[in-house]
1. Can you tell me which residues in segment 43-64 are without any contact (Cβ under 8 Å) to a residue 60 or more places away in the chain, over 18 Å from Ala98 (Cα atoms) and either surrounded by fewer than 18 Cβ atoms within 10 Å (Cβ to Cβ) or within 11 Å of the chain's Cα centre (by Cα) (or both)?
2. Any residue that is without any contact (Cβ under 8 Å) to a residue 40 or more places away in the chain and either under 30 Å from Ile76 (Cβ atoms) or out of contact with any Lys or Arg (no Cβ under 7 Å at 6 or more places or on another chain) (or both) - is there at least one of those in segment 180-189?
3. Just to be sure before I move on: is Arg78 more than 19 Å from Tyr163 (Cβ to Cβ), at pLDDT 95 or above and open to solvent by 20 Å² or more (accessible area, probe 1.4 Å) in the structure I sent?
4. Spot the failing condition for Gly140; the list is (1) of a type in the set (Gly, Ala, Ser); (2) assigned to a loop (DSSP other than H, G, I, E, B); (3) at pLDDT 95 or above, and only one is missed.
5. Conditions: (1) at negative phi; (2) touching a strand residue (DSSP E or B) at 6+ places or on another chain (Cβ under 8 Å). Val225 meets all but one. Number of the miss?
6. Please list, ordered by first then second residue, the pairs with beta carbon atoms under 8 Å, 6 or more apart or interchain, first in segment 123-136 and touching a residue at least 12 places away in the same chain (Cβ under 8 Å) and hydroxyl-bearing (Ser, Thr, Tyr), second surrounded by fewer than 19 Cβ atoms within 10 Å (Cβ to Cβ) and outside any helix (DSSP H, G or I).
Amino acid sequence: MVEKLGGKLLTQPPDASGDAFLFPQLLPKFADRYLVRKGILDRLNQAIPLFRGALLDVGCGQMPYREHILAQNPQITRYIGLDFATGKYADRRQPDLAWDGVSIPLPDGGADCAMATEVLEHCPDPASVLREIRRVLVPGGTLFFTTPFLWPIHDAPHDHYRYTPYALRRLLEEAEFTDVRVEALGGWNASLAQMLGLWLRRAPMDPESRDRLTRDLHPFFTELVRTDVIPTDFSKNPMITGLSGTARAAGPQAQA
């Protein structure tokens with residue numbers, strides 16, 4: 001079974017207030033960010049109905065999805081953004097709850113569900129972080145996560161890992177998560193498009209060459225995005241752009 005990437009290709013935001021997180025644009029100047037933003041948003045939208053009660057956003061940054069999530073699911077009674085108290089994200093917006101990257105200042109079972117988008121690659125000890133997320137989740141609570149696979153080194157020196165689906169499954173199961181589901185965000189065509197977009201927008205080159213190449217290659221980029229097929233069988237040696245998934249904290253199912 002295969003699926004097309006992203007469904008309808010959004011070429012511009014529905015209104016002037018749209019941003020790169022909630023309204024990813026298939027425009028030349030966003031060629032480096034379109035696929036990752038679209039992939040994460042699509043999978044997050046699928047996971048939002050699974051959330052309930054207190055939602056812990058681990059490594060929340062500027063909390064770009066907060067209002068979107070709360071508007072979509074009235075069963076979420078509290079949104080808790082967790083991140084460092086200092087740094088580039090905290091300078092723009094303080095988290096609801098500060099941590100040291102190791103211990104989450106919540107009691108056992110203090111959250112009903114959790115999300116960690118593009119966070120685990122920045123954790124020096126991801127196994128410990130996942131165990132800590134499991135500790136603060138109620139039994140049966142849902143964790144939603146995404147991780148990059150094909151992406152430049154970023155937030156140096158705090159970029160530590162790129163994960164395969166097998167590594168993520170092992171780490172989650174060892175942290176006492178069950179019902180682990182790991183899926184690719186994009187396949188071969190999306191991977192080539194992502195590398196092309198990153199090269200066009202971020203590789204060292206003079207501005208005139210960047211503008212010309214971006215303009216000339218954007219139709220090819222768009223066709224790659226349109227024709228991508230997301231792999232569902234990781235044993236067939238696919239190329240992937242990134243991964244997303246869900247898991248449940250082990251224990252009796254939480255009351256609905």
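The values are calculated or read from the model by the stated rules, or taken from the named source; none is laboratory data. These numbers were taken from a predicted model, which means no experiment stands behind them. Backbone-built Cβ (ideal geometry, glycine too); neighbour counts: all protein chains shown. Surface areas here come from the heavy atoms of the whole protein model, side chains and all, with no ligands, DNA or RNA. Shrake-Rupley method; radii C 1.70, N 1.55, O 1.52, S 1.80 Å.
1. Matches in segment 43-64: Asn45, Gln46, Pro49.
2. no
3. So Arg78 passes the test.
4. Result: Gly140 passes all but (2).
5. Val225 satisfies every listed condition except (2).
6. Ser128/Val102
The rows are residues; the columns are (1) among the hydrophobic types (A, V, I, L, M, F, W, C); (2) in contact with a helix residue (DSSP H, G or I) (Cβ under 8 Å, 6 or more places away or on another chain); (3) modelled with pLDDT of 95 or more.
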| position | (1), (2), (3) |
| --- | --- |
| Pro148 | no, yes, yes |
| Thr178 | no, no, yes |
| Ala190 | yes, yes, yes |
| Gln194 | no, yes, yes |
| Arg212 | no, no, yes |
| Phe220 | yes, yes, yes |
| Val229 | yes, yes, yes |
